[in-house]
Amino acid sequence: MVSGNPLQSIDEQLSPLQELVIASARDQRIWLRLLLLLDARCSRICRNAREMRMGQIRLAWLRDALGVSVDNVTESGDPLVDTLRAHPAYSASQASLAQIINGWEELLIGLNTAEVSSGQDSMATLRAFAESRGGGFFGAVLAAMDQDNSPPIEQAGAIWAVWDIAGQLTHDPLVPAAVLLGAELASGASLPSLPRPLAILARLSHADLLRRRGAPPAMTF
């Protein structure tokens, strides 16, 4: 059982855009905040990993901790993990939570691979990252609302994910590849019907990438 307000103990920070998106979620505000905090945790692990293997170990711990059956949950000592596990949407969202983490691991490996760093395989790495992270994030939101995911929604999630990472990477050599991939995905996609918080992210990312722009850094973490 999680006592008090464990959100006060979570050390991740969210952007003003993310706070606006959370405010639009109505009765799913807590769940959306938790998902964004998990995503931010994964991002921080990737940014701060001095060695790829250490980053993978931390991501694997998160994945395993969020793969525990709701019937076998005990306190992990991590406020974010424990609060996610205690939420009513946890059980229905476990596969999507794993997808989010898997997507960040794809990026972590890519950023630490010589071929990707030189640009040879950057598009494949970014596509795998975007599809897993974005599809998982959108899927986890929908699961809490008892709504089904679908290929058009997964693609909208991938478009958001690659738009967002272009803002997080800022001057990294992968930024042009991220914007190019996002523009390719957005040019062949129409916006599906989405709950309001996801619709905000989808519309922003779709419009920017059609103009060959990634997220402004202030709109990311």
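The values are calculated or read from the model by the stated rules, or taken from the named source; none is laboratory data. In this text the structure is predicted, and so the values were computed from the model without any measurement. In this analysis, Cβ positions are derived from the backbone assuming ideal geometry, glycine residues included, and neighbour counts consider all displayed protein chains. Note: areas computed on protein heavy atoms with side chains; ligands, DNA, RNA excluded. Shrake-Rupley method; radii C 1.70, N 1.55, O 1.52, S 1.80 Å.
In a GNM of the chain with a 10 Å cut-off on Cα contacts, which of Val175, Val81, Val68 has the highest mean-square fluctuation? Evaluated over the chain, the most mobile residue of the options is Val68. Counting every alpha-carbon pair across region 80-168, the share separated by more than 22 Å comes to 31%. For region 154-221 and region 85-110, what is the separation of their C-alpha centers, rounded to whole Å? Between the Cα centre of region 154-221 and that of region 85-110, the gap is 20 Å. Using 1/(1 + (r/R0)^6) with R0 = 41 angstrom and r between the beta carbons of Asp172 and Met145, what's the FRET efficiency to the nearest 0.05? It comes out at approximately 0.75. Label-to-label distance for Arg196 and Arg47 is 2.9 nm, based on points extended 7 Å past Cα in the beta-carbon direction. Cβ-Cβ distance of Ala86 and Asp27, R₀ of 22 Å, FRET efficiency by 1/(1 + (r/R0)^6): the value works out to about 0.85. As a fraction of the 1.4 Å probe accessible area of the chain, surface on carbon and sulfur atoms comes out at 50 percent. Which whole-number value in Å² is the accessible area per residue of the chain, probe 1.4 Å? Per-residue accessible area for the chain comes out at 47 Å². Using every pair of alpha-carbon atoms in the chain, split the distances into 10 Å bins beginning at 0 and state the percent of pairs per bin, rounded to integers. Going from the shortest bin to the longest, the percentages are 8, 36, 38, 16, 2. Hey, any idea what Rg/Rh is for region 8-134, computing Rh the Kirkwood way over Cα pairs? Rg divided by Rh gives 0.99.
Highest-first packing order for the peptide set 134-140, 37-43, 207-213 is 134-140, 37-43, 207-213, based on the mean count of other beta carbon atoms within 10 Å.
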